[in-house]
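Read-outs throughout are calculated quantities, based only on the coordinates presented, and are distinct from any laboratory measurement. These numbers were taken from a predicted model, which means no experiment stands behind them. Cβ sites come from the backbone with ideal geometry, for glycine too, and all protein chains shown count toward neighbours.
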Amino acid sequence: MTSRFGLWLRDPLFLLCLTAGLLAFVVQSGELGTSDTMWRLQTTHWLWTAQPQVLPNEYPGFGLHGRGGRLYSWYGIGQSLLMLPADLLGTWMEQWSIFDNYNDDPAVDTIVVSYSTNILVTVLTALIAFRLLGQLRFGMKESAAGVLALMFCTTHLHYTQNMMENNYIMLLTLTGFSFQYEWLRADSRRALFWGSCALGLNLLTRLTTGLDLIAAGIFVLLALWFEGAGFAGARSRGLWRRLIAYSKVAAPVYLFFFLIDRAYQFYRFGSFTNTYVAIFAREFRQRDPTLPANFPWSTPFHVGFLGALFQPEKSIFLFDPLLVLAIFLLAWLWKRLTPEVRAYGAASLLLLLAYICFYARYTYWSGDFAWGDRYVSTSVELVALIAVPLLMRYREHLGTAIWRGGCVLVLVSLMIQLASLAFWVPLEIYQMETFGHPTFVIALRFKNIVAFALGKMDAWGLNTDAMGWDPWDHAHVTTWNFLPFLLRRVGAAPDWVVNTVLAAWIAGVAALGAALLRLRSCLRTVA
């Protein structure tokens, strides 16, 4: 009799989730990736301890003065709430006697938060992405390949290691799309409610995810349109009844989460109507009167818009080549596509365009210390999700040249995303302080990998002065960005701990390879 575990190992969906979990495990550095997430974790501490939202030494680099003259975080509370269970666990584990002599970075609490939260978000994303691709009528093989491409071949992989809010937003947006589309197909008010809750919850993380909320509504509307519902006569009346039914469920949910965000804003800054940007601008202009009057919306529109597309340091086409493949296939195959795929493709492209336009005038439109344009990357990944499924489904219609070109793009994407994991992301940013702009960041990353592997960083002039001013930063940008190597480089743990962690990491890499091979074997048996 086959055991339950044996049955699981024959289930492609279980193997897909196992692969996602193992991938998230092996890419972790134990750090949260950026100061942004560390500041959000401090807000998590504030939620259940007596600690302040912003530590005094962080100001003026971070924090704004709010009610009572106290310093408050300018971020939404969404990701801080996400990290709360892991923070409780990590803080408890820090009290264990085994960690009495361990007081360095990466801290025990940070390690627990990064591992547990990233693994959870990655597995759930794999589940919901697979569900949505199935709803778009892609087959088992196509859906599994689409999820693997998302996990391995888009910037989603980088943000699995570096825990900004991107992947959490991605998870909630995919959930909203999937469950709202289920409402469209099955007329399930419950599905619509949960899909709306996911999209509404996004508002607590970043208020601009209101664009995702709108995109989900456009997706539903376009699905009806492309299926021939039209806007005339009896069909028009039926369409409007569906839209009214949609609004009756979705609108109150969105309003509920918007009011939570506004209440949090009032608690911090004493206003229901403004955002942190107005306070941010006022305080920064007080410290630096030379800033323009329209700060932080002082970038010329064409600079931010074209920069997101073509700047070698941030271009979405360079950091996510699958986007090129997705756009090409959508255009090339448009007349052959099913209505739901057309609707998803159009809605996700409109969302991408909206994000690029919204942030084009923002002073920090590129996302600063990030791999690629982090404000836009989530919407890029949404478009790229269907690239590989389309390539596989319509292989016979594409011809040999396009098929091979698509496969090359997938391989190039994989190499770029794997390279993004090699070092802490500020490495090239520090180097550009010496090398200047513009710099082809991806090429520089590969040069850094080769130089570090061969011990040629100094000989090739890659160890710059900007990298050495802070010993902690220097240690983090001069080692492979995975936990066992970071522990050894920083010298924060005894050798036996480093060796144990390294053994677990190697075992994780081997298990990931085995899971991928097992998944491939199972998918071969699927019709």
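Computed from the C-beta positions of L47 and Y394, the FRET efficiency with R₀ = 56 Å rounds to 0.70.
So, R0 is 22 Å and r is the distance between the beta-carbons of V526 and R404; what FRET efficiency does that work out to, to 0.05? With R0 = 22 Å, the Cβ-Cβ based efficiency is 0.35.
Which of these values of mean projected area of the Cα convex hull in nm² was calculated from the structure shown: (1) 35.2; (2) 28.2; (3) 29.8? For mean projected area of the Cα convex hull in nm², the calculated option is (2). Between L7 and D105, residue separation times 0.36 nm minus the direct Cα-Cα distance comes to 31.2 nm. Applying 1/(1 + (r/R0)^6) with R0 = 41 Å to the Cβ-Cβ distance of R190 and L55, what FRET efficiency is obtained, to the nearest 0.05? So, using R0 = 41 Å, E works out to roughly 0.45.
Compute the Cα gyration tensor for segment 300-412, then decide on rounded, prolate or oblate, letting a ≥ b ≥ c be the square roots of its eigenvalues: rounded whenever a/c is under 1.5, prolate when a/b is larger than b/c in the other cases, and oblate in all that remain.
Values: a/c = 2.75, a/b = 1.77, b/c = 1.55.
Because a/c hits 1.5 or more and a/b exceeds b/c, segment 300-412 counts as prolate.
Across segment 278-292, coupling constants 3J(HN,Hα) worked out from phi with the 6.51/-1.76/1.60 Karplus curve, θ = phi - 60°, read 5, 5, 4, 5, 4, 5, 5, 5, 5, 7, 9, x, 6, 5, x Hz, and Gly and Pro carry x. Restricting segment 11-106 to trypsin sites (Lys or Arg not before Pro) that sit in a DSSP loop and have at most 14 other Cβ atoms within 10 Å of their own Cβ leaves R70. Residue-wise HN-Hα couplings along segment 239-250, as the Karplus relation 6.51 cos²θ - 1.76 cosθ + 1.60 with θ = phi - 60° gives them from phi, are 5, 5, 4, 5, 5, 5, 4, 4, 5, 5, 8, 6 Hz; Gly and Pro carry x.
With the simple spin-label model, which puts each label point 7 Å out from Cα in the Cβ direction, the D495 to R282 separation comes to 5.9 nm. Close amide H contacts of E165 (hydrogens built in the peptide plane, cut-off under 5 Å, sequence separation of 5 or more or a different chain): none are found.
Note: relative contact order over the chain, using C-alpha pairs below 8 Å and six or more positions apart, is 19 percent. Where only DSSP H runs of four or more residues are counted, the chain gives -22000 deg cm²/dmol as its mean residue ellipticity at 222 nm, each run worth -39500 (n - 2.57). The simple spin-label model puts a point 7 Å past each Cα toward its Cβ; for I98 and S35 those points are separated by 3.4 nm.
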